[in-house]
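Structure record follows, encoded as structure tokens.
The values are calculated or read from the model by the stated rules, or taken from the named source; none is laboratory data. None of these values were measured; they are calculated from a predicted model. Note that each Cβ is placed from the backbone with ideal geometry, even for glycine, and that neighbours are counted across all protein chains shown. Calculation scope for accessible area: heavy atoms of the full protein, side chains included, ligands and nucleic acids excluded. Shrake-Rupley method; radii C 1.70, N 1.55, O 1.52, S 1.80 Å.
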Amino acid sequence: MAYKTVNPYTNEIEHEYPQTTNEEVEKTLAAAYELYLRWRNGDELEARKQIITRLGELLRAKKHEMGALITHDMGKLIGEAEGEVELCASFCDYYVQRADEFLAPTPIYTASGNAYVLHQATGVLMAVEPWNFPFYQIARVFIPNFLAGNPMVLKDASNCPTSAQTFADLVSEAGAPTGSLTNLFVDYDQVGQIIADKRVQGVCLTGSERGGRSVATEAAKSLKKSTMELGGNDAFIVLPDADIDQLTDVIFAARLYNAGQVCTSSKRFIIPDNLYDEFLKRAKEIFSNVKMGDPMDPSTTLAPMNSKKAKEKLQKQVDLAIENGATVVYGNQPVKGLAGQFFMPTILTDIDRDNPIFDQEMFGPVMAVYKYHDVKEAIALANDSSYGLGSTVFGTDIARARQVAAQIDTGMTWINSGWASLPELPFGGVKHSGYGRELAEQGFKSFVNDHLVYEPE
Ligand code: NAP
């Protein structure tokens, strides 16, 4: 299995890594399990809090260096990469502040005696993570679980190995003992073997529906708890009373941030007929004004996609949409003069229910726009998806927007804003977008053992 950094702006191979051997896997699991035995009764929490505080300091101090490394690995804009590093540092602050509270025993009120629930570590976790937020995806599972006392083995995407290794090295630099977080360059079979190992008690994956299905199957075969953070085809419902100027301000970030490669990017814009023409006009203006170029140049606004493979897959999907009746309102032209994996931002309309693209996630800078007349139609369209990750509702009548939000079958809804991720907000989806939650108290407790202690009178 080839783990390498191929810079998507220059197409040059910058780093290559040898595959981890089975002996190294065994050593890793042994070290991680030993740590679990040390931590399982809640010992050393203060020391772990200090390590995470130090990790936050290191992330902030090295923000530019780490950001540049992410940009070289998978192409995102340097400003976005630095923002990602800063967000990870904020996770350090938040979970250090809240760890004692989250791990404190929960009293149970019963008339029959004394009862409480301990929140204890469960064992070693296997984390399988994607390339689109190379630090953030690791941070959001590692930091809470480290504090809870669950050591972690990491298999990161094969196209961003430098970020994954560097994050693990930073954790060591912050003072974490060997086995706390070990990045491995393993193949899919080795991932299956790790999941089956008795010392491993949980599996968390962020990635595609296809990857999630395979890894969840491995977890199920060994009866290991899993959380799955998978793809999305998020709807952005604009209500007829929406403020079009406020809306215009979020279109870029909602669809084109990270070159559109965000699980919670708004992918389907559902627009009322009174605003449809104006919305398309403004979206076209935004899409035609992007500046593609070197992602290390702060004036660039649209980065290359993460890999040649991803760009080719997106092009096939756009072709499929068009063959089945979609109209190109803007884009879908080759990008001239740049060698990197750039995809011209594209706006599609007229995607019917029977178009095979209707129920597919397009993971790149492509916006699908739908027109509706009645709000019920908009809600039905939003819910007509195999996915259920995030959604957005835009409207000036907040009570109405909240009513609409409550009727969307997704794990998250944002009102009058594009997607957002903060340490205190639980993140996750329903339907084929997966199960379980990361971040917030829910995510912190995904892999703790809620251990009941009961003393009847
Ligand atoms: P992917 O192909 O599923 O890869 C994600 C990770 O899973 C990578 O580390 C990959 O390794 C690994 N993997 C895939 N199949 C595997 C298998 N059978 N056994 C073991 N490991 C396996 O996902 P992607 O297409 O690169 O990532 C983009 C997807 O992630 C999108 O669908 C996006 O919406 C989703 N995503 C979801 C969230 C969320 O929180 N819900 C957040 C970000 C992204 P290799 O690289 O070696 O194949």
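Data overview
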quantity: Y454-T110 pseudo-label distance in nm [points 7 Å out on the Cα-to-Cβ vector]; calculated: 0.4
quantity: Apportionment of accessible area to carbon and sulfur, region 188-310, percent (1.4 Å); calculated: 53
quantity: For the chain: accessible area per residue (Å², 1.4 Å); calculated: 41
quantity: Accessible area (Å², 1.4 Å probe, nearest 10) - E84; calculated: 10
quantity: Tilt relative to the chain, helix 63-74 - C-alpha long axis, 0 to 90 degrees, to 10; calculated: 70
quantity: Portion, in percent, of the accessible area of region 136-178 that falls on carbon or sulfur, probe 1.4 Å; calculated: 47
quantity: Protection proxy ranking, peptides 68-74, 32-38, average beta carbon neighbours within 10 Å, highest first; calculated: 68-74, 32-38
quantity: Nearest 10 degrees, 0 to 90: helix 22-39 Cα axis against the chain principal axis; calculated: 70
quantity: Length-normalised contact order for region 171-247 - Cα pairs under 8 Å, 6+ apart - percent; calculated: 25
quantity: Fraction of beta bridges assigned by DSSP in region 235-422 that are antiparallel (%, nearest 5); calculated: 15
quantity: Nearest-ten-degree value, helix 244-256 long axis tilted from longest Cα axis of the chain; calculated: 60
quantity: Listed peptides 92-102, 110-120 by packing density, highest first (mean Cβ within 10 Å); calculated: 92-102, 110-120
quantity: Mean Cα-pair separation over length for region 235-422, i.e. relative contact order, pairs under 8 Å, 6 or more apart, %; calculated: 29
quantity: The chain, helix-only ellipticity at 222 nm - DSSP H runs n ≥ 4, -39,500 (n - 2.57), divided by all residues, nearest 500; calculated: -13000 deg cm²/dmol
quantity: Percent RCO, i.e. relative contact order, over the chain, from Cα pairs under 8 Å lying at least 6 residues apart; calculated: 19
quantity: Solvent-accessible surface (1.4 angstrom probe) belonging to S90, in square angstrom, nearest 10; calculated: 30
quantity: Of all DSSP beta bridges in the chain, antiparallel share, percent nearest 5; calculated: 40
quantity: Accessible area of L87 in the full protein assembly, 1.4 Å probe (Å², nearest 10); calculated: 40
